[in-house]
1. Report the charge-dipole magnitude of the range 59-263 in Debye, nearest 20, computed about the Cα centre from +1 at each Lys and Arg Cβ and -1 at each Asp and Glu Cβ.
2. Could you give me the ³J(HN,Hα) list for the range 224-238, computed from phi with Karplus coefficients 6.51, -1.76, 1.60 and θ = phi - 60°, whole Hz, x at Gly and Pro?
3. Can you work out the accessible area per residue across the range 127-268, with the rest of the protein chains kept in place, probe 1.4 Å, in square angstrom?
4. Determine the sum of side-chain charges near Asn197: Lys and Arg each +1, Asp and Glu each -1, restricted to other residues whose C-beta is under 9 angstrom from that of Asn197.
5. Between beta-carbons, use under 13 Å as the cut-off and find the net charge around Gly255, counting Lys and Arg +1, Asp and Glu -1.
6. What order do you get for 164-171, 153-160, 75-82 when each peptide is scored by the mean count of other beta carbon atoms within 10 Å, highest first?
7. Cross-link list Lys172/Lys238; Lys62/Lys180; Lys86/Lys224; Lys127/Lys183: which exceed 25 angstrom alpha carbon to alpha carbon?
8. Read phi for every residue in the range 173-185 and hand back ³J(HN,Hα) as whole Hz from Karplus 6.51 cos²θ - 1.76 cosθ + 1.60, θ = phi - 60°, with x for Gly and Pro.
Amino acid sequence: MKASMKRKRIFWLTAWGVCCAAVAGVMLWAAGQSAVCSNADLTNVPVVPAAAGQSETPEQEKRVFLTFDDGPSATTESVLDILKEKGVCATFFVVGAENNQKYLPLLQRMTEEGHQIGLHSYSHSYKTIYESTTAFWADIKQLRQTIEPYVDLDTIHWLRFPGGSTNTVSHKYGGSGIMKALKEQAEEKGYRYVDWNVCAEDAAGGHPSAETIYENVVNEAEGKTTCVVLMHDTKATKNTVEALPDIIDWFSENGYRFCGISELNQQI
Ligand SMILES: [Zn+2]
């Protein structure tokens, strides 16, 4: 072999090696990205309200945001076990009332396992929290103080209003303008809030079966590119735990990526 050909061959072999290493690097990086949400997600939140119609998501990427309200409770540990087994992340909108307090140390496990935590309410009493805007923020302050030993408050940027941001039950206690005022104040305080567009209806009366919960989720999720799924992790929603593996499998099989709520950048 001529020396020049040999040099060429070495050059191409080297180029090929560098290229393979780069591709492998990108693949590893991508695998890392699609794994369970990293804790870094919690600190990197742009604290701005979602704007109508805003979308920075790659075209047609299917995403699911599993959310659990009203916990932690005796049910939460099983929910965490399933999420861990399936390797997916979720967001917990927590309550700090007496029934929940025994389980609050689970907030540490949530964070350690890559889940996100948002605020729901301290008391979850509509009558108390929606009496006035002052009453609402006093309740949120109490929740923050209650969970402070278990979570870094600086990582919390999201809240979910009990009953949702367009509920009308609040009008009975705080007047017809209270939700509008609370939403404006939430934004002023740097919170983002989120409702849901898929409801498991797992907290409905009569304790729906795991099968019904699964069907509720799948029927509502079908055809949606972005799904924010409302479920509950309370003492009364054990059937949600039973339905959860199948719910996760359905989203996986249908090509959805599991996201923490900080990745939500659009109205739902
Ligand atoms: Zn709730």
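1. So the dipole magnitude of the range 59-263 works out to roughly 660 debye.
2. Whole-Hz 3J(HN,Hα) from phi for the range 224-238: 8, 7, 10, 10, 9, 9, 8, 10, 10, 10, 9, 4, 7, 10, 5.
3. Per residue, the range 127-268 has 46 Å² of solvent-accessible surface.
4. Cβ neighbours under 9 Å give a net charge of -1.
5. Once positives and negatives cancel, what remains is 0.
6. Put in order of decreasing packing, that is 75-82, 153-160, 164-171.
7. Pairs exceeding 25 Å: Lys172/Lys238; Lys62/Lys180.
8. Karplus-based 3J(HN,Hα) across the range 173-185 equals 9, x, x, 6, x, 5, 5, 4, 5, 5, 5, 5, 5 Hz.
The values are calculated or read from the model by the stated rules, or taken from the named source; none is laboratory data. Here the structure is a predicted model, which means the values were calculated and not measured. When we count neighbours, we look across all protein chains shown, and the Cβ atoms used for this are built from the backbone with ideal geometry, even at glycine. With ligands, DNA and RNA removed, areas are computed over all heavy atoms of the protein, side chains included. Shrake-Rupley method; radii C 1.70, N 1.55, O 1.52, S 1.80 Å.
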